[in-house]
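This report refers to the structure that appears directly beneath it.
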Amino acid sequence: MQVQDIIKILNLEVFGGSGGLNREISGGYTSDLLSDVMGHAECGNIWITLQTHKNVIAIASLKELAAVILIKGNIPDADILEHAENEGIPVLGSKEEAFELTGKLFNLLTR
Amino acid sequence: MRFEYNIEAGNFSKAGDASSSFKKILKQLNVDPQIIKRIVVSLYEGEVNIVAHANGGKAICEVDTNLVRIHLVDVGPGIPDINKAMQAGYSTASARVREMGFGAGMGLQNIKNNADILNIQSEVGVGTELEIIVNLPKAG
Ligand SMILES: Nc1ncnc2c1ncn2[C@@H]1O[C@H](COP(=O)(O)OP(=O)(O)OP(=O)(O)O)[C@@H](O)[C@H]1O
Ligand SMILES: [Mg+2]
C-alpha cells in the first residue's frame with residue numbers, strides 16, 4: 001500500500017511533502033518520543049505522532065519513513081513544510097487520536 | 001576522509017543537519033544502507049545531545065576503508081556520572097526539551113545499540129567527548 005492510498009481511505013489532510021505520496025508503506029510506528037522513533041521505527045513506516053516541529057521531518061528523513069501523520073487535528077509548525085517538500089516526506093493530518101488512528105492503520109496494513 | 005560539523009547549543013531547528021549531511025556523503029561513497037542507518041542513528045543522538053545538554057560543540061566524522069569513526073566533542077558542562085547517564089530512562093532534559101519529545105533517556109542507549117564501539121569521556125566543567133566506531137565490512 002502506498003501513502004496516497006491511505007490518505008483516501010483514512011480521509012487525511014495533506015500539509016506538505018506531496019513528492020513522496022507514492023512511497024510504499026512497510027508498517028507503522030506510534031510514538032511521541034523522538035529517540036524511541038530513532039531507535040525503533042523501521043524504514044518505510046508511517047509515523048503517528050502529536051509532535052509538530054521540525055525535528056519530526058529530520059527524523060522521518062534520516063530513518064527513511066514513508067510519511068508522518070499528525071493526530072488530534074494538530075497543525076505542523078510553519079517552518080517544517082519547506083523541509084518536508086525538499087525531503088519528499090508527506091506530512092499528513094488526522095482529527096483522530098493516536099489509539100483510533102493506529103487501530104485503523106493496523107487493520108489496513110495487516111489485512 | 002574527514003568531515004567536520006559545528007553543532008550549536010539550543011538550536012533545535014538545526015539539530016540533525018550534521019547527520020543529514022554525513023548521510024548524503026555515506027550514500028555517495030556507496031556504504032551499505034544497513035550500515036548507514038546505524039551510523040546515522042548514532043550521529044543524530046550525539047548531535048542532539050550537544051544541542052540539548054551541552055554548550056555547543058562539533059562532530060568530526062572520519063571515513064576509513066574499514067571503519068567510520070565519529071568524534072563528538074563539546075565544551076561542557078560535562079556528565080557527572082556516566083554510568084547513570086547510560087541508564088535507559090535517565091535524563092536531565094529541561095521541561096521545554098521534554099515537551100518537544102526529547103528527554104526519554106534513550107539516546108545514549110541508541111548509540112550503544114548501533115555502534116560497534118562507544119567510548120565516553122567527560123569532565124565536569126570542561127566537556128564531553130564521545131568516540132563512536134562502526135565497522136565497514138570488506139567490499140565485494
Ligand atoms: N553532551 C552531553 N553533555 C552533557 N550531558 C549529557 C550529554 N549527553 C548526554 N548527557 C546527559 O546524559 C543524559 C542521558 O542522555 P540520553 O541521550 O541517553 O537521554 P536524553 O538526551 O536525556 O533523552 P533522549 O536522548 O531520549 O531524547 C542526559 O539527560 C544528560 O544528563
Ligand atoms: Mg539524548
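Derivation of every value follows stated rules applied to the coordinates shown; laboratory data play no part. Here the structure is a predicted model, which is why all the values come from computation and not from measurement. Here the Cβ is made from the backbone with ideal geometry for all residues, glycine too, and neighbour counts use every protein chain on show.
What is the dipole size for the protein assembly as shown, taken about its Cα centre, with +1 at each Lys and Arg Cβ and -1 at each Asp and Glu Cβ, in debye to the nearest 20?
It works out to roughly 400 debye.
Can you return the lysines within cross-link range of A:LYS72? Criterion is Cα-Cα under 30 Å, with same-chain partners fewer than 8 residues away left out.
A:LYS8, A:LYS54, A:LYS63, A:LYS95, A:LYS104, B:LYS14
Determine the shielding of peptide A:77-86 by partner chains: average, over its residues, the number of Cβ atoms on other chains within 10 angstrom of each Cβ.
Shielding by partners across A:77-86 averages 1.
Would you work out the charge dipole size for chain B about its Cα centre, treating the Cβ of every Lys and Arg as +1 and the Cβ of every Asp and Glu as -1, and quote it to the nearest 20 debye?
With only Lys, Arg, Asp and Glu charged at Cβ, the dipole is about 420 debye.
Across peptide A:103-111, how many C-beta atoms of other chains are within 10 Å of each residue C-beta, on average?
Per residue, the number of nearby Cβ atoms from other chains is 0 on average.
Treating only the Cβ atoms of Lys and Arg (+1) and Asp and Glu (-1) as charged, compute the dipole magnitude of chain A about its Cα centre; round to the nearest 20 debye.
Rounded to the nearest 20 debye, it is 300 debye.
Note down the net charge around A:GLY39, summing +1 for each Lys or Arg and -1 for each Asp or Glu among other residues with Cβ under 12 Å from its Cβ.
Net charge in that neighbourhood comes out at +1.
Based on the inverse mean of 1/r over its pairs of different Cα atoms, what is the Kirkwood hydrodynamic radius of segment A:1-90, in Å?
Evaluated on segment A:1-90, it is 12.6 Å.
May I ask you to list the aspartates and glutamates whose Cα is less than 14 Å away from that of B:LYS37, ignoring any residue fewer than eight positions away on the same chain?
Leaving aside aspartates and glutamates fewer than 8 places away in the same chain, those within reach of B:LYS37 are A:GLU42, A:GLU64, B:GLU45, B:ASP116.
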